[in-house]
Amino acid sequence: MIILVNGQKVEVSDSTVLSEAIKGHPYEQGSAVALIKSADAIRKETNEFELITARGPIGLRLNGSKYAALFRELVQDIKGRGIRWQTSKVLAIGSFPTQIEVSHEPSKYQKYDCLFALGGFDSRSSYIMIAKLNHEGAYGATGAVLGKITRGRHVLSELKEGETILDIVPVVEEVIERSAQVTTDMDHRLEPGTSIETFVGVKLDKRSPVNCEHFLVVSGSGTIPITERLETYSSCSTNLDVSLVAEATAIREPGMVTVRHAGLGMGRVYFYKTRRQISSYHSLVGVVVQGMELLRVAPEGAKLTLMTDPRRVMSIGMTQQEGQAFLETFGLKQKRIGDESDDAIIVEQEPELTLEALHEPFIETLGVRPEQVNDISIDPHSAPQTARYVRKMIGLNHKPIGTLKVHFTFPEMPLVTFDGNFSEAGSLVPENQFQATCVRGDMAATNMSRPNRGLIGIRLEPSDEFGPTGEERYGSNMFGRVMSDLDRLMEGLKEGDIIYVREIMPEAAPAKKATRKPKAPKVRSEEGQPVSKNAAKAKKSKSRTKGEENGQG
């Protein structure tokens, strides 16, 4: 029998199952696949109408209310009616009779709302009104909003009293009615004529390099989860703690992919299934060129295989030799700096943005010795907010190896601290405080309850009272551990130095040793407040215990 796999005809036997049919096609294990059985073109009526005037068409989208249903019934009565009057607040079309219940209660209306109104509070003289600004008014029918003007809004200001609504036309679209389903069952038995979509393919828009990079990070595993599904779009909200910029904008047509670069939900990825107006909060990152039916039917919670054109140019974490071979697959030349040895680890790449790198004559890759890359584990389950903050500060939220800049260290101190971000830590609530001994290698960030919020620290010696940043337990958000050689990390380390950090999975980390029960916190006049760098250095010759009592534990 003949089936289609991602648009290609394939001949298979009658007993073929899904896993056999998609061999050789893009697919990540566990992701959903669309099975489409038939396709017939039909005409589908939408909630969109066009009010035709001599000045141009006006688009009206109904809202699904009982008043929207009434509008559908009265289309023939409203057609041919004129612009009866207009003020700074409303434009009125009519009149015509209805049986709308009379009300004297005022309602609030938003700009471009379309509503029923009763002239003289008499339903025999009913009107369609269009709100020209946000306001409150009593028009005889409380809250009788039937829809909103979505297109041709400029025409409203050009219409004159006496001009008529020449026609009211329902918007009808040609659609493909498909019998489609999604499945992750690779043993599913196929039927003749079945069409299969295994992945979503997106062509990136070169006008949005920053937002495209974010999209590449979100889909970096080769899959993308559908976290929200609506009739208009499906979206992914897995990485919202980001900083983005405004780039290319356009009317959001079906198949377009955008990233919200500002406002609530910044960082959310949208895949559009119906047309939406242009938004200054959305940057266009690409267009779906494959798998639109898969996107259309995929339910909330589904994971989809996703491929981008181009794929991400990211050599950080590879050896210099691996990086060279990788870059050559894009036709790019490598320029090695730092340690240029084949086995050196690439810790920085310039340029880092994919859509910028593709247009450069060469890519600089900074290499260091493998032992200079420090492994840490991060526990997002015990400290979700802190894990998110730390990954962002280090850069691990968008690349395999990040950096930490030394904030404070000197010999014989029981900890080392690194720069954070005071503003970003303003919402870092206390979580996962150490309950017993804070041991060597433990890592923490100072939470919002302390003056030096945002600092990141590593504990170098055990303490029952002080955390990795010198704070007592209520100021310390424990988030992970250093898994590599701490002595090597600290060798020759001084303020201002940069260390390179790589995250390993928590399950790879050994379990902590048993610790003692927590002691009650001591009350001090300046609990846990770290001393300044100069003051700490002045105390260098004093006992370590005294240093800890001053909060630099």
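Quick one: which strands (runs of 3 or more DSSP E) lie wholly within the stretch 26-91 and hold at least 3 residues that are modelled with pLDDT under 90 and closer than 27 Å to Q8 by Cα? Give the derivation first.
Values: elements: 33-53, 56-62, 82-86.
Because the criterion is at least 3 residues that are modelled with pLDDT under 90 and closer than 27 Å to Q8 by Cα, the strands (runs of 3 or more DSSP E) in the stretch 26-91 that meet it are 33-53.
Residues of the stretch 394-412 that are under 13 Å from V217 (Cβ atoms) and hydrophobic (A, V, I, L, M, F, W, C): L396 alone.
Exactly one residue out of E352, E293 is buried (at least 16 other Cβ atoms within 10 Å of the Cβ), part of a loop (DSSP other than H, G, I, E, B) and either modelled with pLDDT under 95 or within 20 Å of the chain's Cα centre (by Cα) (or both), and it is E352.
Residues that are in contact with a helix residue (DSSP H, G or I) (Cβ under 7 Å, 6 or more places away or on another chain) and under 20 Å from V200 (Cα atoms) within the stretch 2-20 comprise I3, V5, V10, listed in sequence order.
Filtering the stretch 259-290 down to residues that are among the polar types (S, T, N, Q) and assigned to a strand (DSSP E or B), which residue is surrounded by the fewest Cβ atoms within 10 Å (Cβ to Cβ)? This residue is Q290.
The listed residues are G317, G301, and the only one of them that is part of a loop (DSSP other than H, G, I, E, B), farther than 30 Å from A250 by Cβ and in contact (Cβ under 8 Å) with a residue 60 or more places away in the chain turns out to be G317. One residue is enough: does the stretch 204-226 have a residue meeting the conditions out of contact with any Phe, Trp or Tyr (no Cβ under 6 Å at 6 or more places or on another chain), hydrophobic (A, V, I, L, M, F, W, C) and under 30 Å from S13 (Cβ atoms)? No, the conditions are met nowhere in the stretch 204-226.
No other residue among V182, V169 is within 30 Å of I78 (Cα to Cα) and either out of contact with any Phe, Trp or Tyr (no Cβ under 7 Å at 6 or more places or on another chain) or part of a strand (DSSP E or B) (or both) apart from V169.
In the stretch 422-451, which residues are aliphatic (A, V, I, L, M) and over 17 Å from P384 (Cβ atoms)? Listed by number, the residues that qualify are A436, V439.
Mind checking which residues of the stretch 140-162 are out of contact with any helix residue (DSSP H, G or I) (no Cβ under 9 Å at 6 or more places or on another chain) and either within 24 Å of K108 (Cα to Cα) or surrounded by 14 or more Cβ atoms within 10 Å (Cβ to Cβ) (or both)? Please lay out each step first, then the result.
Residues of the stretch 140-162 out of contact with any helix residue (DSSP H, G or I) (no Cβ under 9 Å at 6 or more places or on another chain): 142, 148, 150-162.
T142, K148, T150, R151, G152, R153, H154, V155, L156, S157, L159 - these are the residues of the stretch 140-162 that are out of contact with any helix residue (DSSP H, G or I) (no Cβ under 9 Å at 6 or more places or on another chain) and either within 24 Å of K108 (Cα to Cα) or surrounded by 14 or more Cβ atoms within 10 Å (Cβ to Cβ) (or both).
Residues in the stretch 296-327 that are buried (at least 18 other Cβ atoms within 10 Å of the Cβ) and polar (S, T, N, Q): T305, T308, S315, T319, Q320, Q324. Scanning the stretch 447-470 for residues that are buried (at least 24 other Cβ atoms within 10 Å of the Cβ) and closer than 19 Å to P411 by Cα yields I456, G457, I458, R459, F466, G467, P468, T469, G470.
Quick grid of which residues meet (1) over 30 Å from G301 (Cα atoms); (2) in contact with a His (Cβ under 9 Å, 6 or more places away or on another chain):
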{"position": "V17", "(1), (2)": "no, yes"}
{"position": "G24", "(1), (2)": "no, no"}
{"position": "E28", "(1), (2)": "no, no"}
{"position": "F49", "(1), (2)": "yes, no"}
{"position": "G56", "(1), (2)": "yes, yes"}
{"position": "A69", "(1), (2)": "yes, no"}
{"position": "R81", "(1), (2)": "yes, no"}
{"position": "S95", "(1), (2)": "yes, no"}
{"position": "V102", "(1), (2)": "yes, no"}
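Being crowded, with 21+ Cβ neighbours inside 10 Å, touching a Phe, Trp or Tyr at 6+ places or on another chain (Cβ under 7 Å) and farther than 15 Å from P400 by Cα is the requirement here; does A357 meet it? Taking the combined requirement at face value, the residue does not satisfy it.
If you check F330 against the conditions, is it outside any loop (DSSP other than H, G, I, E, B) and either surrounded by 15 or more Cβ atoms within 10 Å (Cβ to Cβ) or hydrophobic (A, V, I, L, M, F, W, C) (or both)?
On the way: outside any loop (DSSP other than H, G, I, E, B): no; either surrounded by 15 or more Cβ atoms within 10 Å (Cβ to Cβ) or hydrophobic (A, V, I, L, M, F, W, C) (or both): yes.
No, not satisfied.
Among the residues of this structure, G193 does not count as one that is at pLDDT 90 or above, at positive phi and over 33 Å from the mean Cα position of the chain (by Cα). The set of residues from the stretch 149-166 being within 15 Å of G59 (Cα to Cα) and either among the basic types (K, R) or touching a Phe, Trp or Tyr at 6+ places or on another chain (Cβ under 6 Å) (or both) comprises I149, R151, R153.
I'm trying to understand the selection: among the residues of the stretch 1-22, which are in a loop (DSSP other than H, G, I, E, B) and within 38 Å of the chain's Cα centre (by Cα)? Across the stretch 1-22, the qualifying residues are N6, G7, I22.
Counting only residues that are hydrophobic (A, V, I, L, M, F, W, C), under 27 Å from R151 (Cβ atoms) and touching a Ser or Thr at 6+ places or on another chain (Cβ under 7 Å), how many does the stretch 98-116 have?
To start, the set of residues in the stretch 98-116 that are hydrophobic (A, V, I, L, M, F, W, C) comprises 100, 102, 114-116.
From the residues that got through so far, the ones that are under 27 Å from R151 (Cβ atoms) too are 100, 114-116.
When the remaining residues are screened for being touching a Ser or Thr at 6+ places or on another chain (Cβ under 7 Å), the result is 100, 116.
Going through the stretch 98-116 one residue at a time, the tally reaches 2.
In this structure, is I226 crowded, with 17+ Cβ neighbours inside 10 Å and not assigned by TED's automatic domain parsing to the domain that holds Y389? When the stated conditions are applied, I226 passes them.
Restricting the search to the stretch 470-494, which residues are in contact (Cβ under 8 Å) with a residue 60 or more places away in the chain, farther than 13 Å from I456 by Cβ and touching a Leu at 6+ places or on another chain (Cβ under 8 Å)? If the condition is that a residue be in contact (Cβ under 8 Å) with a residue 60 or more places away in the chain, farther than 13 Å from I456 by Cβ and touching a Leu at 6+ places or on another chain (Cβ under 8 Å), then M490 is the only one that fits.
For the stretch 333-349, filtered to residues that are out of contact with any Leu (no Cβ under 8 Å at 6 or more places or on another chain) and under 26 Å from P310 (Cα atoms), the residue that is surrounded by the fewest Cβ atoms within 10 Å (Cβ to Cβ) is K335. For the stretch 55-87, residues that are touching a residue at least 24 places away in the same chain (Cβ under 8 Å) and more than 44 Å from the chain's Cα centre (by Cα) total 8.
Of the residues L230, L240, L244, the single one that is over 13 Å from the mean Cα position of the chain (by Cα) and more than 12 Å from L284 (Cα to Cα) is L230.
The values are calculated or read from the model by the stated rules, or taken from the named source; none is laboratory data. Remember, predicted model here, so these are calculated numbers, not experimental data. We place every Cβ from the backbone using ideal geometry, glycine too, and count neighbours over all the protein chains shown.
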